[in-house]
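The values are calculated or read from the model by the stated rules, or taken from the named source; none is laboratory data. Small disclaimer: the values here were computed from a predicted structure and weren't measured. All Cβ positions, even for glycine, are placed from backbone atoms using ideal geometry, and neighbour counts span all protein chains on display.
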């Protein structure tokens with residue numbers, strides 16, 4: 001897994017002993033779930049410590065304590081019996097506790113500590129070592145660590161801005177490159193799949209049914225992008241239009257339980273198509289360079305604020321996100337392929353996607369709430 005750590009954590013936590021002693025407890029939030037009172041974050045010398053077993057095992061890792069070496073071993077797989085940190089084999093036990101993640105010794109200005117019989121380790125180093133996301137929320141005094149998509153509940157929406165990452169076509173690069181990044185930052189996504197192009201043994205650039213099913217199980221909303229995507233829906237006869245909408249939903253719902261939203265192919269949309277869409281879907285996303293007014297959203301005509309291409313910069317995307325935050329709007333970002341080569345106009349590099357996701361995560365869910373399409377519609381209707 002790739003490494004990630006938000007610089008906000010270090011800057012947000014006050015190191016003054018006088019201030020820390022007066023501050024309320026800091027809460028640990030693991031994949032969207034707040035910890036128990038005993039799992040509150042400990043602040044030592046301005047650094048956040050978290051209970052290693054609860055956090056690591058909560059993220060699917062394995063924890064082992066070696067008393068003779070005074071070392072905590074954390075592994076994303078089953079630890080080996082001869083596991084040891086690089087450069088520490090055959091060394092005598094350290095007078096201070098050590099943290100080893102996936103075979104690598106972790107250095108920190110604040111070493112691991114035993115507090116009330118439990119091992120506590122630096123939150124930043126633990127998250128970084130396991131390739132997970134970590135954010136500091138100053139208003140809620142919480143440290144949030146994520147390694148899977150966290151879809152919001154009704155209580156998470158309190159009138160703030162929302163953002164949706166909506167991917168078109170059902171390309172396999174989403175599975176390879178985008179999904180791990182969305183999990184790292186805990187940010188939801190919608191993937192609008194062209195049902196007639198689902199990979200079936202042939203080596204194509206599209207997802208296969210098993211990948212689509214797994215994506216759904218890992219928290220991704222599966223939407224429709226029509227059956228064939230050959231022509232704009234406005235050019236079709238009533239019969240062909242109905243087939244494109246109906247058959248796409250039927251094919252996808254043989255893979256996942258529900259398909260409730262659609263991304264309009266070529267963004268060719270009118271009132272006739274809208275009426276046909278309403279028969280099969282609860283929401284439709286079109287592209288018009290517009291933000292959505294949450295208080296008056298038309299769920300069957302959702303606007304896209306920006307369609308990301310490989311000619312765009314992070315600053316251009318950030319501008320639309322900041323606009324949504326300022327005006328408390330719903331910003332839908334349309335994407336296609338995520339590929340290191342980004343040869344096609346609508347392919348962007350994983351590094352740019354990660355930069356955008358990291359920025360959204362750094363803003364905090366109390367300022368802008370990441371949602372998939374159907375959840376955004378449901379929350380806007382509150």
key: Complete set of residues in the stretch 220-267 that are crowded, with 18+ Cβ neighbours inside 10 Å and within 14 Å of residue 167 (Cα to Cα)   = 220, 221, 222, 223, 224, 225, 226, 261, 262, 263, 264, 265
note = Within the stretch 150-185, the residues that are within 13 Å of the chain's Cα centre (by Cα), within 22 Å of residue 135 (Cβ to Cβ) and assigned to a strand (DSSP E or B) are 163, 164, 165
inquiry  = Just to be sure before I move on: is residue 205 under 18 Å from residue 172 (Cβ atoms), in contact with a strand residue (DSSP E or B) (Cβ under 8 Å, 6 or more places away or on another chain), in contact (Cβ under 8 Å) with a residue 24 or more places away in the chain and crowded, with 17+ Cβ neighbours inside 10 Å in the structure I sent?
reply    = no
message = Considering only residues that are closer than 17 Å to residue 199 by Cβ and either at pLDDT below 95 or part of a loop (DSSP other than H, G, I, E, B) (or both), which ones fall in the stretch 227-255?
response = 227, 228, 229, 254, 255
ask   = Does the stretch 7-35 hold any residues that are surrounded by 11 or more Cβ atoms within 10 Å (Cβ to Cβ), assigned to a loop (DSSP other than H, G, I, E, B) and modelled with pLDDT under 75, and which are they?
value = 7, 13, 14, 15, 23, 35
inquiry  = Criterion first (in contact (Cβ under 8 Å) with a residue 60 or more places away in the chain, in contact with a helix residue (DSSP H, G or I) (Cβ under 9 Å, 6 or more places away or on another chain) and more than 20 Å from residue 158 (Cα to Cα)) does residue 304 satisfy it?
reply    = yes
query = Does the stretch 350-365 include one or more residues that are surrounded by fewer than 19 Cβ atoms within 10 Å (Cβ to Cβ), assigned to a loop (DSSP other than H, G, I, E, B) and either without any contact (Cβ under 8 Å) to a residue 40 or more places away in the chain or within 21 Å of the chain's Cα centre (by Cα) (or both)?
reply = no
inquiry  = Out of 290, 369, 363, I need the residue that is in contact with a helix residue (DSSP H, G or I) (Cβ under 7 Å, 6 or more places away or on another chain), in the same structural domain as residue 160 (by TED's automatic domain parsing), under 24 Å from residue 223 (Cα atoms) and modelled with pLDDT of 95 or more. Which one?
reply    = 369
